[in-house]
Amino acid sequence: MTASMTAALTGAAIAAGVRAGTLSAEAVTEAALARIAAQSALNAFTDVTAARARAQARAVDQARAAGRDPGPLAGVPFAVKNLFDIAGLTTRAGARISRDMPPATADATLVTRLESAGAVLVGALNMGEYAYDFTGENAHDGASLNPHDPRRMSGGSSGGSGSAVGAGLVPLALGSDTNGSIRVPASFCGIYGLKPTYGRLSRRGTFPFVASLDHMGPLARSVTDLATAYDAMQGPDADPAQTPRPAEPATPHLGRGIAGLRIARLGGHFTTGAGDQALAALDLVARALGAGAEIAPPHAAHARAAAYLITMAEAAALHLPRLRTRAADFDPDVRDRLLAGALLPAAWVQQAQKLRRAFAAEMAGFFARSDILIAPATPCPAPRLGEKRLRLGDDEVALRPNLGIFTQPLSAIGLPVVAVPVWLPGARLPIGVQVIAPPWREDLALRAAHHLETTGATAAPLPKDD
């Protein structure tokens with residue numbers, strides 16, 4: 001098993017081979033570790049857990065040899081954003097300050113569940129400081145680079161997750177999404193990303209950002225891998241933020257196609273300012289899914305503003321003790337936004353919560369007439385590293401906060417979304433489209449995404465060995 005084979009195989013192919021005995025988890029793991037070492041310049045990883053990975057892979061092979069079920073993700077290498085607890089490692093959350101903390105004593109729930117399904121943890125991934133980032137540029141660890149052009153952003157804040165999966169270092173990674181931090185890297189790196197319904201997956205053992213907006217979810221190079229990982233992570237937990245709900249497997253629904261689904265596209269806020277490539281990608285997906293009417297939610301821009309205010313206020317409250325004692329150790333861009341959030345009037349935050357509820361009611365009305373909605377994931381493909389300004393229509397705005405202009409309204413109301421990669425004819429970089437479903441209907445979003453993947457409508461290539 002060579003390192004290039006790690007890049008070429010999906011998680012489903014690895015698991016099938018390990019379960020059949022045609023591949024060994026140990027060989028797959030060694031190939032993944034070699035690939036990570038060879039591509040260290042991408043700066044996707046902050047920690048590599050080689051000894052743990054080898055022990056887990058050996059256990060998977062031994063289980064299979066003994067006739068026990070090694071799990072649906074048998075031998076699949078995965079890595080996690082470094083805000084997930086990994087026993088024995090300090091949970092950095094992308095911050096200098098966190099490095100003074102003692103190592104975690106237990107794994108995050110979702111890490112445990114993936115390993116229980118046979119997956120093999122190979123390390124922790126680079127991220128924006130305290131998840132307050134859309135670019136993938138970390139002031140302390142350096143930027144995680146785009147696998148399709150290392151001069152460009154990987155997206156954030158799950159930038160290392162996007163870079164690692166997009167480059168084929170691992171077929172599966174975990175990230176978090178508060179305002180778009182799974183979907184923006186998925187769009188820039190040309191992979192699939194799932195932001196489940198708010199409260200669907202446990203957050204126990206993760207470093208928080210904004211408690212009322214934080215979601216955990218997977219990134220992968222295939223929809224089957226995305227759905228299999230999602231299914232493995234479902235289930236009740238001691239996390240008080242999780243909404244008690246029985247597991248609803250999505251994988252059995254993937255092959256059903258889109259027959260009978262009512263699909264519409266979002267306009268208004270969701271296309272205003274979108275670049276030519278974002279609009280072309282949306283048109284391509286709309287044709288492939290047979291999307292009908294265009295819907296322009298009147299309160300989408302208000303919901304985006306509400307998410308922005310809630311993010312600033314809640315994050316500032318969380319970090320206030322650190323701001324008082326160690327302000328100089330923050331990324332200046334993150335610090336300044338947190339300080340601004342600490343000064344927000346309470347009446348503004350209260351109004352933001354009202355707008356959030358109004359948008360949720362508005363979208364519920366649209367879902368009474370549609371099963372799936374589609375919208376751009378980002379206004380443009382990956383910008384160059386270090387860029388500070390972004391053109392949205394006729395306006396030039398700050399880049400860093402506006403890369404999530406189309407993802408933020410949906411995070412505000414916790415809808416399940418799959419980011420689907422699109423490669424336009426002749427394009428050198430991918431761009432993503434959001435496939436949006438009603439609350440708790442991840443299966444519908446994954447089903448539509450699987451249709452796009454299997455029909456070749458979005459033509460996302462697997463990475464090749466260099």
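The values are calculated or read from the model by the stated rules, or taken from the named source; none is laboratory data. Every value quoted in this text rests on a predicted model; they were computed, and no experiment measured them. Here the Cβ is made from the backbone with ideal geometry for all residues, glycine too, and neighbour counts use every protein chain on show.
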Practice task
State all residues of segment 443-458 that are in contact with a strand residue (DSSP E or B) (Cβ under 7 Å, 6 or more places away or on another chain) and modelled with pLDDT of 95 or more; if no residue qualifies, say none.
Solution key: LEU444, ALA445, LEU446, ALA448, ALA449, LEU452
Completion exercise
Going through segment 337-357 in order, the residues found to be in contact with a Leu (Cβ under 7 Å, 6 or more places away or on another chain) and assigned to a helix (DSSP H, G or I) are LEU338, LEU339, ALA342, TRP348, VAL349, ALA352
Handout entry: Residue pairs meeting the criteria (Cβ under 9 Å; at least 6 apart or on separate chains; first at positive phi and of a type in the set (Phe, Trp, Tyr), in segment 194-206; second at pLDDT 95 or above and buried (at least 24 other Cβ atoms within 10 Å of the Cβ))
Key = none
Problem - Residue tally, condition surrounded by fewer than 16 Cβ atoms within 10 Å (Cβ to Cβ) and either among the small types (Gly, Ala, Ser) or in a loop (DSSP other than H, G, I, E, B) (or both), over segment 224-261 - result: 16
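Does GLY123 count as small (Gly, Ala, Ser), over 20 Å from ILE431 (Cβ atoms) and outside any loop (DSSP other than H, G, I, E, B)? Outline the logic, then answer.
Details: small (Gly, Ala, Ser): yes; over 20 Å from ILE431 (Cβ atoms): yes; outside any loop (DSSP other than H, G, I, E, B): yes.
Yes, satisfied.
Quick grid of which residues meet (1) more than 21 Å from HIS140 (Cα to Cα); (2) without any contact (Cβ under 8 Å) to a residue 60 or more places away in the chain; (3) of a type in the set (Asp, Glu):
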residue: PRO332; (1), (2), (3): no, no, no
residue: GLY341; (1), (2), (3): yes, yes, no
residue: GLN350; (1), (2), (3): yes, yes, no
residue: ALA360; (1), (2), (3): yes, yes, no
residue: ASP371; (1), (2), (3): yes, no, yes
Fill in the blank from the handout: Counted residues in segment 213-223 being touching a Ser or Thr at 6+ places or on another chain (Cβ under 6 Å) and assigned to a helix (DSSP H, G or I) come to 0
Exercise for the section: Sort out for me the strands (runs of 3 or more DSSP E) sitting completely within segment 358-425 that have 2 or more residues that are more than 27 Å from GLU453 (Cα to Cα) and of a type in the set (D, E, K, R). Expected result: 389-392, 395-398
Problem - Which numbered condition LEU172 misses (of (1) touching a strand residue (DSSP E or B) at 6+ places or on another chain (Cβ under 7 Å); (2) surrounded by fewer than 24 Cβ atoms within 10 Å (Cβ to Cβ)) - result: (2)
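Going by the conditions given, is THR325 under 26 Å from ASP214 (Cα atoms), over 24 Å from the mean Cα position of the chain (by Cα) and of a type in the set (S, T, N, Q)? Before you say what the answer is, go through the steps one by one.
Details: under 26 Å from ASP214 (Cα atoms): yes; over 24 Å from the mean Cα position of the chain (by Cα): yes; of a type in the set (S, T, N, Q): yes.
Here the answer is yes, as THR325 does meet what is asked.
Here is a yes/no grid of residues against (1) without any contact (Cβ under 8 Å) to a residue 40 or more places away in the chain; (2) touching an Asp or Glu at 6+ places or on another chain (Cβ under 8 Å); (3) acidic (Asp, Glu):
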position: ARG357; (1), (2), (3): yes, no, no
position: VAL397; (1), (2), (3): yes, no, no
position: VAL417; (1), (2), (3): no, no, no
position: GLU442; (1), (2), (3): no, yes, yes
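Select from segment 24-37 the residues that are of a type outside the set (D, E, K, R) and touching a residue at least 60 places away in the same chain (Cβ under 8 Å) and list them in ascending order. I'd like the intermediate steps shown before the answer.
Step one: filter segment 24-37 for residues of a type outside the set (D, E, K, R), giving 24-25, 27-29, 31-34, 36-37.
ALA25, VAL28, THR29, ALA32, LEU33, ILE36, listed by residue number.
Among PRO150, PRO103, which is surrounded by fewer than 24 Cβ atoms within 10 Å (Cβ to Cβ) and assigned to a strand (DSSP E or B)?
Numbers: PRO103 fails: assigned to a strand (DSSP E or B).
Testing whether each residue is surrounded by fewer than 24 Cβ atoms within 10 Å (Cβ to Cβ) and assigned to a strand (DSSP E or B) leaves just PRO150.
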Problem - Pair list, Cβ < 7 Å and 6+ apart or interchain, from segment 40-63 residues that are crowded, with 21+ Cβ neighbours inside 10 Å to residues that are assigned to a helix (DSSP H, G or I) and charged (D, E, K, R) - result: GLN56/GLU115; ALA57/GLU26; ASP61/GLU26
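Is it true that ALA139 is in contact (Cβ under 8 Å) with a residue 12 or more places away in the chain and at positive phi? Explain how you work it out, then say what you get.
Details: in contact (Cβ under 8 Å) with a residue 12 or more places away in the chain: yes; at positive phi: no.
Taking the combined requirement at face value, the residue does not satisfy it.
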Fill in the blank from the handout: Checking ARG265, ARG245, ARG256, ARG221 in turn, the sole residue that is among the basic types (Lys, Arg) and over 23 Å from the mean Cα position of the chain (by Cα) turns out to be ARG256
